Every structure is written in C-alpha cells, then in structure tokens.
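The values are calculated or read from the model by the stated rules, or taken from the named source; none is laboratory data. Keep in mind that this is a model prediction, so the values were computed, not measured. Here the Cβ positions follow ideal geometry from the backbone for every residue, glycine too, while neighbour counts run over all protein chains shown. With ligands, DNA and RNA removed, areas are computed over all heavy atoms of the protein, side chains included. Shrake-Rupley method; radii C 1.70, N 1.55, O 1.52, S 1.80 Å.
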Amino acid sequence: MAASIGTDFWYEYRSPVQENSSDLNKSIWEDFFSDEADEKTYNDALFRYNGTMGLWRRCITIPKNTHWYSPPERTESFDVVTKCTSFTLTEQFMEKFVDPGNHNSGIDLLRTYLWRCQFLLPFVSLGLMCFGALIGLCACICRSLYPTIATGILHLLAGLCTLGSVSCYVAGIELLHQKLELPENVLGEFGWSFCLACVSAPLQFMASALFIWAAHTNRKEYTIMKAYRVA
C-alpha cells in the first residue's frame with residue numbers, strides 16, 4: 001500500500017510523443033507545470049504526452065533535446081524525458097466543475113468528493129495498518145493474544161478504506177473521460193500502482209480474518225481451560 005501511494009502510475013496514457021517544441025507545445029508544458037493549471041489544462045497535456053498520474057503527482061514525457069523544427073521521422077537518437085509535478089493541497093481539495101475548465105458551469109459535487117476520498121482514504125488505510133502493527137507489537141511484548149482482535153478490526157477498516165479508494169478512483173476516471181473524451185490514437189489504462197492498491201485490499205481482509213480467528217481461538221481455549229480448572 002505504501003508503494004502504491006508513493007508511485008505515479010495509477011493511470012497511464014499512451015499517445016504519440018510530440019517531437020518538436022513549437023510555441024504551442026511549449027505553452028502546454030508551461031501550463032502543465034504551473035500551480036494555477038486547472039483540470040482541463042493538465043489533462044490535455046496528459047493526453048498528448050504519454051502522461052501518468054498518481055495520487056499526488058502527475059507526469060508527462062517530453063523531448064529531452066528540443067528543436068525549433070519538426071524532424072521528418074523519428075530516429076533512434078530521439079530521446080524523451082519524464083517530468084513530474086506534484087498536486088498542491090489546494091488542487092487536491094479544489095472543486096471539480098461540471099464542464100472541466102469552465103468555472104461558470106457549476107460545481108460537480110460527485111467528482112469533487114470522489115477525488116478527495118481517493119486522496120485521503122489510502123493514507124487513512126496506511127495509518128490504520130501502522131497502528132495495528134503497533135498494537136500487535138505490544139501484544140507480543142505482553143505475550144497475549146487478546147489485543148489481536150483490535151489489530152484484526154483495524155486491518156478490516158484499512159481494507160475497507162483501500163477498497164473505497166480504489167472504487168472512488170475508478171469512478172472518478174470514468175466520469176472524467178465522459179466529460180473529456182480521449183483524442184484519437186490515445187489509449188488509457190490503469191497502471192501497476194493501481195494494481196498494487198487492488199491487491200492490498202484482499203490481503204488486508206485476509207490479515208484481518210487471521211487476527212480475529214487467532215483471538216477467537218485463544219479465547220475459546222482459555223474458556224475451556226478455566227472450566228476444566230473449576231471442575
């Protein structure tokens with residue numbers, strides 16, 4: 001889950017790289033890295049330049065050595081470089097509009113809260129797992145299995161948060177593509193960072209089940225032993 005949060009490949013676009021540095025391309029790059037870039041501005045750049053997007057960063061692939069002319073064909077010496085910029089906290093909690101880029105179209109509450117949840121829930125999930133690990137460590141020190149039920153519940157909540165974040169991300173991407181259609185020859189797909197988050201959820205549920213089962217088994221054995229001693 002930590003690797004999923006820290007990487008930038010939740011969603012990837014595959015598009016022909018623009019091989020020249022015309023005024024239009026330079027303007028798009030500058031707008032993409034600007035702190036004032038709106039949703040439509042940076043998504044247009046993601047579509048055009050093999051963009052990748054994570055939970056808190058966005059990246060595009062642009063020519064490494066730019067020229068003022070367009071080569072007749074792509075050569076082996078043509079190099080590209082990936083440049084990234086982080087979403088600011090203001091951008092993370094900024095309202096999404098019904099028509100992306102048009103501030104007069106009204107606020108799209110559904111997409112706004114989906115975006116906020118997809119950003120916050122993974123951190124909540126990771127925090128719950130760390131807190132559960134701390135309780136588990138205390139249980140080992142105390143040589144008791146009773147705190148494991150708390151660890152199991154925390155892992156269950158963490159799994160629900162992870163599942164919620166994945167669902168919010170998928171729903172947000174689908175709604176975005178309904179409003180901003182992908183250009184021709186551009187393909188979009190979920191990346192390996194998203195797959196890590198998808199794998200994390202069932203693993204968290206499995207860990208939760210094991211912890212709760214261990215606590216229940218220990219309590220049952222303790223009850224049987226106590227009844228035996230009383231008898």
List Arg14, Arg111, Arg57, Arg116, ordered by accessible area with a 1.4 Å probe, largest first: Arg14, Arg57, Arg116, Arg111
At most 12 other Cβ within 10 Å, DSSP loop - GluC sites (Glu not before Pro), region 73-150: Glu73, Glu76
Förster radius 41 Å - calculated FRET efficiency between Leu175 and Lys64 (Cβ-Cβ, nearest 0.05): 0.75
For Phe97, distant residues with modelled amide H under 5 Å away: Asp108
Formal net charge of residues neighbouring Phe190 (Cβ-Cβ distance under 15 Å; K, R +1; D, E -1): -3
For region 162-169, 3J(HN,Hα) per residue [Karplus equation, 6.51 cos²θ - 1.76 cosθ + 1.60, θ = phi - 60°, Hz, x = Gly/Pro]: 5, 4, x, 5, 5, 5, 5, 5
Per residue solvent-accessible surface (Å²) - region 93-207, probe of 1.4 Å: 55 Å²
